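*Asks:* The structure's right below; bear with me while I get my questions together.
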Amino acid sequence: MPSKALLAGAGNLIRKMILATLAFYLCLVSSLVAQETDLSTNTEYLLGSGDKLRITFFGAHQEDLSGDYDVDGAGMVSLPLVGNIRFGGMAVAEAETAIIKAYKPRYLKNPRVNIQVLNYRPFYIMGQVGSPGSYPFVNGITVLEAVVIAGGFTKRAKENQMTIIRGTDPSRTKQDATPETIVLPGDVIEVSQRYF
């Protein structure tokens, strides 16, 4: 029969292991929350070609202007009465301000507008993946998750060498990417090929 000292020592060891496990999970959760907060504050979405928007006008006799609109290849949206307004490269709040300026005061005395992005432009993946092509954007997706959506790595893929061209980068410069890099709408991911 085990002695009381041995049982007490085992009990202390178990308590320490439980506390260490809880501390690990608390650190993990706080790290994920901090990372999510950083992503939401640092990656403001910029409108671009291929986005589908719902623009809502509020107020008496303004509902007829509300509707679903596409951002065309030149980054423009054609609105009733005022014609084309450039949205490409603007944040949603900036686009709302541009609409207000276009309608005030000639067409509407005090316009109030809301823009909601219905469909984001797709992201693109090429190189050594199962099914290269364009895929619908999913918020918060990483490069590794994009590879999985595209059928995974091929046998010739250099899994640790990927690049990304940001959809918002007018210079279209390739940047190194890691599996944890966040993908944004319009981004182009390339998975390199190994030669042996």
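*Asks:* Tally the residues that are without any contact (Cβ under 8 Å) to a residue 60 or more places away in the chain and within 26 Å of the chain's Cα centre (by Cα), restricting the search to the range 75-89.
*Replies:* Qualifying residue count for the region: 8.
*Asks:* What's the number of the condition MET126 fails, among (1) touching a Pro at 6+ places or on another chain (Cβ under 6 Å); (2) outside any strand (DSSP E or B); (3) not aromatic (Phe, Trp, Tyr)?
*Replies:* (2)
*Asks:* So, in the range 90-107, of the ones that are surrounded by 13 or more Cβ atoms within 10 Å (Cβ to Cβ) and part of a loop (DSSP other than H, G, I, E, B), which residue ends up farthest from the chain's Cα centre (by Cα)?
*Replies:* Checked the range 90-107; the qualifying residue farthest from the chain's Cα centre (by Cα) is TYR107.
*Asks:* Further question on the same structure: Pairs, please: C-beta under 6 Å, at least 6 apart or cross-chain, first residue under 18 Å from PHE137 (Cα atoms) and touching a residue at least 40 places away in the same chain (Cβ under 8 Å) and in the range 45-74, second exposed (fewer than 15 other Cβ atoms within 10 Å of the Cβ) and β-branched (Val, Ile, Thr)?
*Replies:* Qualifying pairs under 6 Å: none.
*Asks:* For a quick check of your reading of the model, give me the residue pairs whose first member lies in the range 160-184 and is surrounded by fewer than 17 Cβ atoms within 10 Å (Cβ to Cβ), whose second is polar (S, T, N, Q), with beta-carbon atoms closer than 6 Å and at least 6 apart or on different chains.
*Replies:* Close Cβ pairs satisfying both conditions: GLN161/SER192; LYS174/THR163; GLU180/THR142.
*Asks:* A follow-up question, please. Within the range 42-89, which residues are modelled with pLDDT of 90 or more, in a loop (DSSP other than H, G, I, E, B) and of a type in the set (D, E, K, R)?
*Replies:* Passing the criteria: ASP51, ASP72.
The values are calculated or read from the model by the stated rules, or taken from the named source; none is laboratory data. Everything quoted here is computed from the prediction, not taken from an experiment. With ideal geometry, Cβ positions are generated from the backbone for all residues, glycine too; neighbour counts draw on all protein chains shown.
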